[in-house]
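Colleague: This is the structure I want to talk about, given as structure tokens.
The values are calculated or read from the model by the stated rules, or taken from the named source; none is laboratory data. Values in this document were obtained by computation on a predicted structure and should not be read as measured data. Note that each Cβ is placed from the backbone with ideal geometry, even for glycine, and that neighbours are counted across all protein chains shown. To get the accessible areas, we keep the full protein, side chains included, count just its heavy atoms, and leave off ligands, DNA and RNA. Shrake-Rupley method; radii C 1.70, N 1.55, O 1.52, S 1.80 Å.
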Amino acid sequence: MKFYLEQVETVFSHVKSSENGLTTAEAEKRLSENGKNKLDEGKKKSMLKRFLEQLSDPMIIILIVAAVISAFTEYFEASAAGSNYFPTDTVIIAIVVLINAVLGVLQESKAEAAIEALQEMSAATSKVLRDGKIVSVRSEDLVVGDVIILEAGDAVPADCRIFECASMKIEEAALTGESVPVDKIIALLKGGEKGEVPLGDRKNMAYMGSTVVYGRGKAVVVETGMNTEMGKIANAIAQAEDGETPLQIKLNQLSKILTWLVLGICVFIFAFQVIAAYVRGEALGFHLILDSFMIAVSLAVAAIPEGLAAVVTIVLSIGVTNMSKKNAIIRKLTAVETLGCAQIICSDKTGTLTQNKMTVVDHYGDDEPLIAKAMALCCDAEIDADGAVTGEPTEAALVAYANTLGFNKNDLTANSPRIGEAPFDSGRKMMSTVHQTTDGIVQYTKGAPDEILKKCTHALVDGNIVPLTDEIRASIAADNKRMADKALRVLAVSFRKYDSAPADYSPEALENDLVFIGLTGMIDPVRPEVKAAIEECRSAGIIPIMITGDHKDTAVAIALELGIIDDASHAITGAQLDEISDEDFKEKVTQYRVYARVQPEHKTRIVNAWRDRGMITAMTGDGVNDAPSIKSADIGVGMGITGTDVTKNVADMVLADDNFATIVTAVSEGRRIYDNIRKAIQFLLGSNLSEVLSVFTAAILNFTILKPVHLLFINLVTDCFPALALGLEKPERDIMNRKPRNSKDGVFAGGMAFDVFYQGVLVTLLTLAAFFIGEFMETGKWAFMNIAECNDGMTMAFLTMSMCEIFHSFNMRSQRGSVLAMSFGQKSHNKALFAAMVASLVLTTAIIEIDPLANAFGFTPIGLTEYGISIGLAISIIPLVEIVKFFQRLSAKKKN
């Protein structure tokens, strides 16, 4: 039943109750049959399950496989040599896996806490009529049919139909997004064409999660627990699925590619070695099989970028730390890079684009000080001991307005104490207060302009009281329209003087023969920094969308002021949206930039429509009504100050300062991080390709260039430091002038596949050159096939490959830009990269030159000449890549 469309008597009949409420026995019976008035609790994940989920990532699985392979390799090598076995490589990889998993568990917060936060918003106890008496019961024990008493300050404990109302106003911003409390009524409502009334317009209803801010009333409970509007939101949160971020998708794709590549290489090399041995006439014994298997393992270890998952996690963690310093708190690591490709930002209006604080911004009348004083006295908002204005938002705005003009409400009250009043009534749409002043008894009446003017006979013009002529009425009406057209909430104020205190304070006695003073126009103003932030979003190719529960006129006015739209035709209401099918809306969604009078399900529908078009969508907001759409979006952004716990718990990112402009900073940081992760991936894959090609070539030519332990050292130590340093690279100058990248672009988009290939080939050639030179310097002759184990050649190859990759990391500071221009130009140096270079050089040199370490790795200390040749070959990677980049830039210019 749509209770808001029914008479009170019909509602009581439907819930089998009366104005006297239920008996205790009947309430207990219903409670046992229907359950408690509470929201379903979400299933919590144990710490162990979260940890295991981290290990299920494809990249981590590859690392675990690498650990197992390394264990087999070391075991067979130790068995063959008759030495003691210790799984060094396996331990190294296990540490990497553990660090990665722990970082993931620590950084990622889970959305199940949202349900708990919703429960916290529900009232703890409620005043209920049981057996005809007012009693206090736990809110979770309320049942359908209970009659509850509501007063200012009460949290509404369930969904109710109001049947008694005395000037009651309820704050529903958390549910509807509307900043102004709703004046409640008793009468039934008229629905639209389909008999539907938007949630924010159901004035004869009170909903769980809202708060009474003024007046009092009685209501009968019609829905409890998960059947309430709050319950529907909780259900929507539970059903919304957490999709994979673009980075997760790309890394999963890369993992699959690498997995098949590794398997293919291992099978091919193993088969090739066995067949080659057979062709050469060698016996297919255990040692041959073991040697072939170990070569295949070497290639597998070379192909797997063991440090990639850890590097990505740590780079994201560093980005998270940087963003937290800029008031953007990231709750999910992978959300960082998702921001970087955001194409749509759907933002709630109230509290996000605006300040969620009604403010007087305009007035009409000759005597502004009198207007401010009259408005402040004729309201119930106060200034507390801390100087903060408290009370109903509209009245608080009037008190704050007077305060800005130098009229403190406390001083005004002390000098002009209230001696009588006619409280506000939604039927009269006005209120009156009578004050004892030094000039006698004065009454102030404020309310809706049209209603106030009906009670006025005179007006205050240039300090004089003059008859309220048609000309003055027309002037007032014109200014009233001027403010209303700007979506301002307009109030009028008037006064009346008495020789002595009136004997009758009824509205009928007081509200006559009034003197019109003036008008005030107020609105929830935009945040001052938002307009510039939206302009920057546009320059970055991001489309801002406003979604609000507020009225269309107000939403359009704010959107026009911010530059979200330039024409009101781009705005649509929730009721109009209901008339559009999902299929049609998917096509028409690009026409709209503002959505007004929406309900929670509309927000999710809007987000999903954009996502169905392949657009990476962010949703910002602070109210409970935003939670389902925030969870459904590619990235949900909650507000840290005004945001509810529900919203913050399901959000991927929380703005600590509630500043929309912080989103722009976060987008820039997200783009920088993604750029840097791609640089790290390109660097690591290029390095791994060079290892694969080197070992593969050596296998074909029947010699050993590097062993698995050497490759693991390069992958986990030599490569990881520069890769992490690349993650700290500062953003490119044009980073916020680019269009968002296409989320469907693969890891190798933008020519990265070619870059990885040619750079891997270059490092391979330099490494092979070092090996052959080392072999020549050790034996005094050149040989390129069937070479016995050559320690000098292996050592020089290791040193060249290690340092070549270190120097190559400088090339990776920009995919196409010149590293020389970056190093000597205006762009700042990457100090971390220089530190990584020094650290890697020291560690690599230590392994080669310190005897115990050299023996453990099977190296021979080399002389200064060999060392210089290796370093010279390694450094040559910079000019070689610079030449290729030069021609790539020339090619790009010709295409443009």
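Colleague: Please verify whether the range 457-473 includes one or more residues that are in contact with a strand residue (DSSP E or B) (Cβ under 6 Å, 6 or more places away or on another chain), free of Cβ contacts under 8 Å to residues at least 60 places away in the same chain and among the charged types (D, E, K, R).
Modeller: No: the range 457-473 contains no residue that is in contact with a strand residue (DSSP E or B) (Cβ under 6 Å, 6 or more places away or on another chain), free of Cβ contacts under 8 Å to residues at least 60 places away in the same chain and among the charged types (D, E, K, R).
Colleague: Quick check: is even one residue across the range 565-584 at pLDDT below 85 and in a loop (DSSP other than H, G, I, E, B)?
Modeller: So far as the range 565-584 goes, no, none of its residues is at pLDDT below 85 and in a loop (DSSP other than H, G, I, E, B).
Colleague: Cβ-Cβ below 8 Å, separation at least six or inter-chain, first residue in the range 528-545 and within 16 Å of Asp348 (Cβ to Cβ) and open to solvent by less than 50 Å² (accessible area, probe 1.4 Å), second in a loop (DSSP other than H, G, I, E, B) and among the hydroxyl-bearing types (Ser, Thr, Tyr): which pairs?
Modeller: Ile545/Tyr592
Colleague: Could you say whether any residue in the range 848-862 is of a type in the set (S, T, N, Q), open to solvent by 60 Å² or more (accessible area, probe 1.4 Å), touching a residue at least 24 places away in the same chain (Cβ under 8 Å) and more than 30 Å from Arg813 (Cβ to Cβ)?
Modeller: no
Colleague: What tally of residues in the range 127-173 results from selecting those that are in contact with an Asp or Glu (Cβ under 9 Å, 6 or more places away or on another chain), closer than 17 Å to Met230 by Cβ, assigned to a strand (DSSP E or B) and open to solvent by 10 Å² or more (accessible area, probe 1.4 Å)?
Modeller: The number of residues fulfilling the criteria is 1.
Colleague: State all residues of the range 21-35 that are open to solvent by 30 Å² or more (accessible area, probe 1.4 Å) and part of a helix (DSSP H, G or I); if no residue qualifies, say none.
Modeller: Thr24, Ala25, Glu26, Glu28, Lys29, Leu31, Ser32, Glu33, Asn34
Residues are listed down the side, and each one gets a yes or a no for (1) modelled with pLDDT under 85; (2) under 22 Å from Gly549 (Cβ atoms); (3) in contact with a Ser or Thr (Cβ under 9 Å, 6 or more places away or on another chain); (4) of a type in the set (A, V, I, L, M, F, W, C):
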position	(1), (2), (3), (4)
Thr590	no, no, no, no
Arg597	no, yes, yes, no
Trp610	no, yes, yes, yes
Ile616	no, no, yes, yes
Gly670	no, no, yes, no
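Colleague: Now for a different question. When the residues of the range 133-164 are narrowed to those that are among the basic types (Lys, Arg) and more than 13 Å from Met205 (Cα to Cα), which ends up farthest from the chain's Cα centre (by Cα)?
Modeller: Looking at the filtered set, the residue picked out is Lys133.
Colleague: Among the residues of the range 360-376, are any open to solvent by less than 10 Å² (accessible area, probe 1.4 Å) and within 20 Å of Glu178 (Cβ to Cβ)?
Modeller: No, the range 360-376 has no match at all.
Colleague: I would also like to ask the following. Go through the range 669-687 and count every residue that is within 14 Å of the chain's Cα centre (by Cα) and either open to solvent by less than 10 Å² (accessible area, probe 1.4 Å) or among the small types (Gly, Ala, Ser) (or both).
Modeller: 1
Colleague: Let me ask something else. For the range 428-463, give me each residue that is of a type in the set (S, T, N, Q), open to solvent by 40 Å² or more (accessible area, probe 1.4 Å) and at pLDDT 95 or above. Steps first, answer last, please.
Modeller: From the range 428-463, those of a type in the set (S, T, N, Q) are 432-433, 436-438, 443, 445, 457; that's our starting set.
Filter once more, so that each one left must be open to solvent by 40 Å² or more (accessible area, probe 1.4 Å): 436, 438, 457.
Selection gives Gln436, Thr457.
Colleague: Can you tell me how many residues in the range 94-132 are over 30 Å from Pro305 (Cα atoms), more than 31 Å from the chain's Cα centre (by Cα), of a type outside the set (Ser, Thr, Tyr) and modelled with pLDDT under 90?
Modeller: Qualifying residue count for the region: 1.
Colleague: Right, next: Which of the residues that make up the range 410-431 are acidic (Asp, Glu) and closer than 16 Å to Ala501 by Cα?
Modeller: Within the range 410-431, Glu421 is the sole residue that qualifies.
Colleague: When both residues are 6+ apart or on different chains and their Cβ atoms are under 7 Å apart, which pairs have a first residue that lies in the range 809-821 and is open to solvent by less than 20 Å² (accessible area, probe 1.4 Å), and a second that is modelled with pLDDT of 80 or more and assigned to a loop (DSSP other than H, G, I, E, B)?
Modeller: Arg813/Glu729; Arg813/Asn830; Val819/Arg813
Colleague: Check the range 737-744 and report whether any residue there is farther than 29 Å from His829 by Cα and open to solvent by less than 30 Å² (accessible area, probe 1.4 Å).
Modeller: Yes, some residue in the range 737-744 is farther than 29 Å from His829 by Cα and open to solvent by less than 30 Å² (accessible area, probe 1.4 Å).
Colleague: Continuing with this model, one more query. Pull up the range 585-616, narrow it to residues that are hydroxyl-bearing (Ser, Thr, Tyr) and assigned to a helix (DSSP H, G or I), then point me to the one that is surrounded by the fewest Cβ atoms within 10 Å (Cβ to Cβ).
Modeller: Thr590
Colleague: Considering only the range 308-396, give the strands (runs of 3 or more DSSP E) lying wholly within it that have at least 1 residues that are in contact with a Cys (Cβ under 9 Å, 6 or more places away or on another chain).
Modeller: Qualifying strands (runs of 3 or more DSSP E): 344-348.
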